[in-house]
Amino acid sequence: MKISYEQERELVSGILRAARYSPEDADCVSRVITHSDFVGMYSHGLSRLTRYLRQIDRGVLNPEPKFEKVLDEQAVMVFDGDNGSGIVSVNRAYEEALPKARQFGVAVATGRHNANIGCGSYYGFRAAEDDMILLLCCNTYAFSAPYGGADRMIGTNPIIAAIPTAEECPIVMDISTTNVAMGKIQAAEREQKEIPPAWANDYPGKPTTNPAEAYALTSIAGHKGYGLAVIVDALSTFLSGAAYGTDIGLFSKLEKENTGFFLMLIDPSKFMPIEDFKASADRYVRMIKNSRRAEGVNEIFLPGEIERRRYAESMQTGIEVSEALQAE
């Protein structure tokens, strides 16, 4: 079955309003979930919605949180999400940080007591539209083991960065520090498909192709990805007072996440005229794309470019929803 962008937005928003989300929060979450599906990041789209609903039913995801600013010191802010949607928390923090970045040139917002923040590229494209440089990261439920370890201690810990451009596609990087997001493991289990052995280890710590046996996700680039994940933990939790490691609730038991995020906005117009900055970014993009291609490669892409193309195509065709996901 195919659905359009408007249909998915209406579906998600309506379900969340029925689950006691305010119309504003339901609309916010529906934008991010639908964006995820339409850029091809299915692990954070509709496939996550039933998980959110189960968390609400269990009382570990608050549909009516009292989002609170607990510190406001010039260009620095700390927020408490009251165990509500991380999607809502990050969007609200962004809206508070944006005018401060335009005033001071830089603004930093951190948050605690949050849940999953959804598809990271959404925030990257939003910042690029506002002519802002973005750095965003967060910790998550513990899905990954330390390098050389077997216990789940570290999350998928995504890193999102964005650079605005003038005529070219904005540079938007959205990566987890594990080879895949847990949502892709769940999707493979739902569809009864095997996973590549590089995605996850089983409980003893050996690679597995069975999604039902996947215990600990593997880090990108081995010890290097592990190092990045540690820094994401530090930025997202030490400054905000969020939980980390074994202090985070268990995903398998639908416990509260209590995770944190770190968001930085930089206004390039404080460094030079914004037109000059974006012209330089455009020139960089063209330099990369016009460089010599390896044999068999038709085109070189920059971060975010494939997602932007998928989004444009999906807006024309709609997206396919599998029978398994429809049933769920």
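The values are calculated or read from the model by the stated rules, or taken from the named source; none is laboratory data. Bear in mind that the values here come from a model prediction, so they are computed numbers and not experimental data. With ideal geometry, Cβ positions are generated from the backbone for all residues, glycine too; neighbour counts draw on all protein chains shown. Ligands, DNA and RNA are stripped out before the accessible areas are found, and what is left, the full protein with its side chains, is counted by its heavy atoms. Shrake-Rupley method; radii C 1.70, N 1.55, O 1.52, S 1.80 Å.
Figure legend. Inter-residue proximity from the range 31-45: first residues among the charged types (D, E, K, R), second residues part of a loop (DSSP other than H, G, I, E, B) and surrounded by 24 or more Cβ atoms within 10 Å (Cβ to Cβ), beta-carbon distance below 7 Å, spacing 6+ or different chains. Indicated pairs: Asp37/Gly45.
Six or more apart or on different chains, Cβ under 8 Å: which pairs go from a residue in the range 292-306 that's touching a residue at least 24 places away in the same chain (Cβ under 8 Å) and within 12 Å of Cys169 (Cβ to Cβ) to one that's of a type in the set (S, T, N, Q) and open to solvent by less than 70 Å² (accessible area, probe 1.4 Å)? Could you list them? Pairs found: Gly304/Ser121. Checked against the criteria, Tyr21 does not count as touching a residue at least 24 places away in the same chain (Cβ under 8 Å), over 26 Å from Phe238 (Cα atoms) and surrounded by fewer than 21 Cβ atoms within 10 Å (Cβ to Cβ).
Among the residues making up the range 95-117, those that are under 21 Å from Gly59 (Cβ atoms) and in contact with an Asp or Glu (Cβ under 9 Å, 6 or more places away or on another chain) are Gly111, Arg112, His113, Asn114, Ala115, Asn116.
Put simply, of Ala142, Ala214 the only residue that is aliphatic (A, V, I, L, M), open to solvent by less than 40 Å² (accessible area, probe 1.4 Å) and farther than 17 Å from Ser236 by Cα is Ala214. Among the residues in the range 55-64, are any assigned to a helix (DSSP H, G or I) and small (Gly, Ala, Ser)? There is no residue in the range 55-64 that is assigned to a helix (DSSP H, G or I) and small (Gly, Ala, Ser).
Within the range 43-65, does at least one residue satisfy the condition of being surrounded by fewer than 17 Cβ atoms within 10 Å (Cβ to Cβ), on the phi > 0 side of the Ramachandran plot and out of contact with any Ser or Thr (no Cβ under 8 Å at 6 or more places or on another chain)? Yes, there is a match, as at least one residue in the range 43-65 is surrounded by fewer than 17 Cβ atoms within 10 Å (Cβ to Cβ), on the phi > 0 side of the Ramachandran plot and out of contact with any Ser or Thr (no Cβ under 8 Å at 6 or more places or on another chain). Scanning the range 244-254 for residues that are open to solvent by less than 20 Å² (accessible area, probe 1.4 Å) and assigned to a helix (DSSP H, G or I) turns up just one, Gly245. Applying a threshold of 8 Å to beta carbon distances and a minimum spacing of six or more residues, or different chains, the list of pairs starting in the range 310-323 at a residue that is at positive phi and ending at one that is assigned to a helix (DSSP H, G or I) reads Gly318/Tyr5; Gly318/Gln7. For the range 280-295, the set of residues classified as surrounded by 15 or more Cβ atoms within 10 Å (Cβ to Cβ), over 30 Å from Asn139 (Cβ atoms) and of a type in the set (A, V, I, L, M, F, W, C) consists of Val285 only. Scan the range 228-236 and give yes if some residue there is part of a loop (DSSP other than H, G, I, E, B) and touching a residue at least 40 places away in the same chain (Cβ under 8 Å), otherwise no. No: zero hits. Kindly check whether there is at least one residue in the range 255-270 that is in contact with a Pro (Cβ under 9 Å, 6 or more places away or on another chain), modelled with pLDDT of 95 or more, open to solvent by 40 Å² or more (accessible area, probe 1.4 Å) and over 30 Å from Gly148 (Cβ atoms). So far as the range 255-270 goes, no, none of its residues is in contact with a Pro (Cβ under 9 Å, 6 or more places away or on another chain), modelled with pLDDT of 95 or more, open to solvent by 40 Å² or more (accessible area, probe 1.4 Å) and over 30 Å from Gly148 (Cβ atoms). All of Leu98, Leu61 fail the test of being at pLDDT 95 or above, in contact with a Gly (Cβ under 9 Å, 6 or more places away or on another chain) and not polar (S, T, N, Q), apart from Leu61.
Among the candidates Glu275, Glu313, single out the residue that is open to solvent by 90 Å² or more (accessible area, probe 1.4 Å), under 30 Å from Gln103 (Cα atoms) and part of a helix (DSSP H, G or I). Being open to solvent by 90 Å² or more (accessible area, probe 1.4 Å), under 30 Å from Gln103 (Cα atoms) and part of a helix (DSSP H, G or I) holds for just one of Glu275, Glu313, which is Glu275.
If only residues of the range 172-186 that are among the aliphatic types (A, V, I, L, M) and open to solvent by less than 30 Å² (accessible area, probe 1.4 Å) are counted, the one that is farthest from the chain's Cα centre (by Cα) is Ile185.
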